[in-house]
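Asker: One structure, pasted below without further comment.
Just so it is clear, none of the values below were taken in a lab; they were calculated from the coordinates. It should be emphasised that the depicted structure is a prediction, and the values quoted were computed from it without experimental measurement. Virtual Cβ from ideal backbone geometry, glycine too; neighbours counted across all protein chains shown.
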Ligand SMILES: [Zn+2]
């Protein structure tokens, strides 16, 4: 990928000096296609053998449940089968990596006469993005029932960090609907599948599981498949389009456009994101607080990394990016014109942080849709040594362990410890009460402990001394 080529090239040029590397990329954009992998013809989401098993299990369950082809004239209108969990702070979270293949020979053809599919693909692959394994680990994207119905097939407890097409079994749900059609939800996270059993009913929009990478899957995504009957040969494509000759009408309650160009996420980061090979969890290096003076790893003093993640990047579209002051005026702004078409991509810039304390906004506008995030600048004056009573650290100075206790009027918040260079050492959620932290691996020196709670940010000094 171009991104990695460019960056490793720079790293070689500048290997004698880290600051050389930092200055080379300063204020310049970087990015490219998201390296998230997708299934393809050599890695089908569901193997031929698995289809046979599904058909047989569904037939058996139909008999057990007395569901003898209960076809009604009701037309199933499908809702989108994914939703953000309450803990997802992003603007959106998915892209379509492959649709149904309408070419019954060796070619490929999607419903819109394009090539967003792979040979023989019988479903719609909806990938989660960015940081799919991070999202999976954090249960941030839920699979939900596209329409009301009865659970006809259920599978859970199978390995869920697969990176390849193979014969592993997926964690999956099949729902049969009143009109005799059925929807299939594949590749979910182990242990996340609804506790309901085969034969129980589900409402439209009801939780079914968490997006994962179980079964024949090259990364976390939902394979969503619709049958207009009880066998694989009754496959339909819920998307209507001029190259879908199987069903003239859309099955979606509201069909999404063929492409949805949008910034799904923006973030402010202490250093570069880390996108390791599947199935390792990505390191986002995001932070919502920066104590001035700030020094990010590999960045010039006072700079942070500002990232934008795009779905359906479209050549010619212009992204307008801005850092807004607490009063809404512009601190800095820039633009980026797309020169490629990508299903999922990202771009990152190192930009000078503001230094005046306050809450700032980083905003991207792409295809007329805004996506923004807020971050706090903490000046040295924000450090409250004696008068703040929101939390206590003891002992301080400390060596191998500290206890951080929240006072009674604080019910929880986010704890971040940074070193004097502004590098984030650790970050975690705090609930009411106190927690113990090992500081054995902290080097001797001064640290800043920040607690963000209910919009309030308080920072205290921590001294670690191993002498
Ligand atoms: Zn698929």
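Asker: For the range 288-352, what is the convex hull volume of its Cα atoms per residue in Å³?
Answerer: Numbers: hull volume 7.4 nm³, N = 65.
About 113 Å³ per residue, rounded to a whole number.
Asker: Take the alpha carbon gyration tensor of the range 225-270, find the square roots of its eigenvalues, order them as a ≥ b ≥ c, and report rounded if a/c is under 1.5; if not, report prolate when a/b exceeds b/c, else oblate.
Answerer: Here the range 225-270 falls in the prolate category.
Asker: Relative to the longest principal axis of the chain, what angle (0 to 90°, nearest 10) does the C-alpha long axis of helix 48-65 take?
Answerer: That helix lies at roughly 70 degrees to the long axis.
Asker: Return the FRET efficiency for the residue pair residue 52, residue 374: r is the Cβ-Cβ distance, R0 is 60 Å, and the value is rounded to the nearest 0.05. If you can, show how the numbers build up before the last one.
Answerer: Working: r = 52 Å, r/R0 = 0.86.
Result of the calculation: an efficiency of 0.70.
Asker: May I pose another question? Give me the extension gain from residue 466 to residue 329: residue separation times 0.36 nm, minus the current Cα-Cα distance, reported in nm with one decimal.
Answerer: 44.7 nm
Asker: With each label point set 7 Å from Cα along the Cα-Cβ vector, what nm distance links residue 283 and residue 407?
Answerer: Taking the simple label geometry, residue 283 and residue 407 are separated by 3.6 nm.
Asker: Over all directions, average the projected area of the Cα convex hull of the range 324-467 and note it in nm². Can you show the working numbers first?
Answerer: Details: hull surface 45.9 nm².
Average of the hull's projected areas for the range 324-467 equals 11.5 nm².
Asker: Let me ask something additional. Taking one equal scatterer on every alpha-carbon of the range 203-332, how large is log10 of I(q)/I(0) by Debye at q = 0.13, 0.15, 0.21 1/Å?
Answerer: For the requested q values the scattering log ratios are -0.89, -1.05, -1.39.
Asker: Sorted from largest down, what three extents in whole angstroms do the Cα atoms of the range 48-236 have along their principal axes?
Answerer: Here the Cα extents, ordered largest to smallest, are 43, 40, 30 Å.
Asker: Please compute the length gained on full extension between residue 443 and residue 179, using 0.36 nm multiplied by the number of residues separating them and subtracting their Cα-Cα distance.
Answerer: Here the answer is 88.5 nm.
Asker: Pairing the Cα long axis of helix 2-13 with the longest principal axis of the chain, what angle in degrees results, from 0 to 90 and rounded to the nearest 10?
Answerer: Tilt relative to the chain: about 30 degrees.
Asker: Let me ask something else. For the chain, what proportion of DSSP beta bridges, expressed in % and rounded to the nearest 5, is antiparallel?
Answerer: On the way: 110 of 118 bridges.
Close to 95 percent.
Asker: Moving on. Highest first, please rank the peptides 139-147, 327-335 by the mean number of other Cβ atoms sitting within 10 Å of their residues.
Answerer: Numbers: 139-147: 23.0, 327-335: 11.0.
Descending mean neighbour count gives 139-147, 327-335.
Asker: While we're on this one: Which three semi-axes in whole Å describe the equivalent ellipsoid of the range 395-467, each the square root of 5 times a Cα gyration tensor eigenvalue, listed largest first?
Answerer: Details: eigenvalues 88, 36, 18 Å².
Here the semi-axes work out to 21, 14, 9 Å.
Asker: State, to one decimal in nm, how far the label point of residue 423 lies from the label point of residue 400, with both points 7 Å from Cα in the Cβ direction.
Answerer: 2.4
Asker: Taking the simple approach of a point 7 Å from Cα along Cα-to-Cβ for both residue 190 and residue 274, what is their distance in nm?
Answerer: Calculated label separation equals 2.4 nm.
Asker: Could you give the length gained on full extension between residue 355 and residue 436, defined as 0.36 nm per residue of separation minus the Cα-Cα distance, in nm?
Answerer: On the way: separation 81, 0.36 × 81 = 29.16 nm, distance 3.20 nm.
In short, 26.0 nm is gained.
Asker: If you don't mind, another one. In what sequence, highest mean first, do 49-57, 295-303, 182-190 appear when ranked by Cβ atoms within 10 angstrom? It would help to have the intermediate numbers written out before the result.
Answerer: On the way: 49-57: 14.8, 295-303: 18.6, 182-190: 25.6.
Top of the packing list down: 182-190, 295-303, 49-57.
Asker: Counting alpha carbon pairs within less than 8 Å and at least 6 residues apart, what relative contact order, in whole percent, applies to the chain? Walk me through the numbers before you get to the answer.
Answerer: Values: 1180 pairs, mean separation 61.8, N = 467.
The normalised contact order for the chain reaches 13 percent.
Asker: Averaging over every viewing direction, what projected area does the convex hull of the Cα atoms of the range 91-194 cover, in nm²? Intermediate results must be reported in sequence, preceding the final value.
Answerer: Values: hull surface 32.9 nm².
Quarter of the Cα hull surface area: 8.2 nm².
Asker: Over all distinct Cα pairs, what is the inverse of the mean 1/r for the chain, reported as the Kirkwood hydrodynamic radius in Å?
Answerer: Details: mean 1/r = 0.0408 Å⁻¹.
This gives a value of 24.5 Å.
Asker: Determine the principal axes of the Cα atoms in the range 266-378, then give the extent along each, sorted from largest to smallest and rounded to whole angstroms.
Answerer: Computed over the Cα atoms, the extents are 38, 36, 20 Å.
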